[in-house]
Amino acid sequence: MKPAPVPSDEVDRQKSLEAMGLLSTPRDPELDRITRLAERLFGSDIVAISLLDNDRQFFKSRVNLSVSETGRDISFCGHAVMHDAPLVISNALDDDRFHDNPLVTGGPEIRSYLGVPISNQQGYKLGTLCIIDSKKRDFTKDEIATLQDLAHWVETVIALRYSERSQKQLLEDLNTAQRDVLIDTLTGIWNRRGLEELLGREISSAQIKSAPVGIFMLDIDHFKRVNDTYGHLIGDKVIQSISEIMASSMRDQDIIGRFGGEEFVCILPGLRLERMMYLGYKLCETFREQCKVTNKDGELVSVTVSVGATWLSPHTTTKYSSDQVLQTADDALYEAKEGGRDTVRYIPLDEHGSLDTLEE
């Protein structure tokens, strides 16, 4: 037997899988519907959606399979995720990788196997949708294509389930170590890594829902001068005040985080284009009026922000990566600072986000 190999990106793949909150969770009715349909279509003994987790394969959905997991080293799924194409085994007894595998020599006595890798929106292979028989079987091109279609359905369901997890749910799922990685210690809001992961999640959700996403990148104006004049303690209080004002000003579904230093990012799912500039200017006004940090003499520290904005239309969510979206917002922020600060600049990603078209 050849143990299932380990992908070269295993560390990042495992982190991506864990972040989705799919492991050791209740059965999903929509995924169960897919596996039941596969059983009817193929007339196979077993159908399963398996997820590769550290040293096990966890069955997120299964038909005619009594166990919820098996060892990863003996899994067929572990071999399947090493390739983009389906893994097709007509007779496991004739395959050097599996002929003496305990799943072949013992229960469930696998003979034939067809497994299609399933991936998340970040491109990591999570596991497979597979059909298994205890008899030899030659799979036709149509059967392979059908299972590939069903696997795409699985990917869509998983993406939707993950994308709809609220920030509160995600925070509750984080253990201490994960909080250290994704949460900014000074403000308690998302840090850069957390923002990047959540932006990817929102872009995936927007693709599925054909919905827009707005992005603001904010920078505290002349923050170095604040630190140099009043000290880093006051500077930290300004950063904390900005984060608190953002949290109280945004909608529940909006995502806020500290991108680094004095920069912040707001992700606004479903934001209409005609609201972009209004909300940007409103944020500038809100920070100008509500940031009430005082120096050691009790005097107010004047604080303003500059805002760079961009917008993903329902037509463009498949065209741009998280990095490209953030870079566009950063370019807009640079223009805002060059334009005199305490203002907003907007850069569309394409013609669908043109404010000039909107005004016409």
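Think of the chain as a dipole: +1 on every Lys or Arg Cβ, -1 on every Asp or Glu Cβ, centred on the Cα centre; then among I74, L312, I234, I74 lies furthest on the positive end.
Take every pair of alpha-carbon atoms less than 8 Å apart whose residues are at least six positions apart; their mean separation over the length of the chain yields a relative contact order of 13 percent.
Ordered by solvent-accessible area of protein heavy atoms (1.4 Å probe), largest first, the residues K237, K296, K136 come out as K296, K136, K237.
The value given for segment 10-87 is a Kirkwood hydrodynamic radius of 13.4 Å, derived from the mean inverse Cα-Cα separation. Note on T310: accessible area approximately 0 square angstrom, rounded to 10, probe 1.4 Å, nucleic acids and ligands left out.
Local charge for L41 was computed over the other residues whose Cβ lies under 11 Å away, with Lys and Arg +1 and Asp and Glu -1, and equals -2. Counting every Cα pair in segment 111-162, what percent are over 18 Å apart? Of all Cα-Cα pairs in segment 111-162, 35 percent lie more than 18 Å apart. Solvent-accessible surface of protein heavy atoms, probed at 1.4 angstrom with all chains present, puts R272, R13 in the order R272, R13, largest first. Provide, for q = 0.11 Å⁻¹, the log10 of I(q)/I(0) from a solvent-free Debye sum over equal Cα point scatterers in the chain. Scattering profile of the chain, log10 relative to I(0): -0.80.
A full extension of the chain between K135 and R33 corresponds to an added length of 34.3 nm, given 0.36 nm per residue minus the alpha carbon distance.
With every protein chain in place and a 1.4 angstrom probe, the accessible-area ranking of K141, K292, K15, largest first, reads K141, K292, K15. Between L23 and E109, full extension at 0.36 nm per residue minus the direct alpha carbon distance yields a gain of 28.4 nm.
The Rg/Rh ratio for segment 284-330, using Cα coordinates for both the radius of gyration and the Kirkwood hydrodynamic radius, is 1.28. Look at where the Cα atoms of segment 178-222 and of segment 28-49 average out, and the two centres are 35 Å apart. Volume per residue of the convex hull around the Cα atoms, evaluated for segment 42-147, comes out as 98 Å³. Helix 276-290 and the longest principal axis of the C-alpha atoms of the chain enclose an angle of approximately 60°. Considering helices alone, the calculated mean residue ellipticity of the chain at 222 nm is -13000 deg cm²/dmol, with DSSP H runs of length four and up weighted by -39500 (n - 2.57) and normalised per residue. As a quick test, which of the pairs K282/K337; K209/K319; K237/K296; K296/K337; K60/K135 have an alpha carbon distance above 19 angstrom in this structure? In this structure, K296/K337; K60/K135 exceed 19 Å between Cα atoms.
The values are calculated or read from the model by the stated rules, or taken from the named source; none is laboratory data. Source: prediction; values computed, not measured. Don't worry about glycine lacking a Cβ; one is built from the backbone with ideal geometry, like all the others, and counts go over all protein chains shown. What goes into the accessible areas is simple: the full protein's heavy atoms, side chains included, and nothing from ligands, DNA or RNA. Shrake-Rupley method; radii C 1.70, N 1.55, O 1.52, S 1.80 Å.
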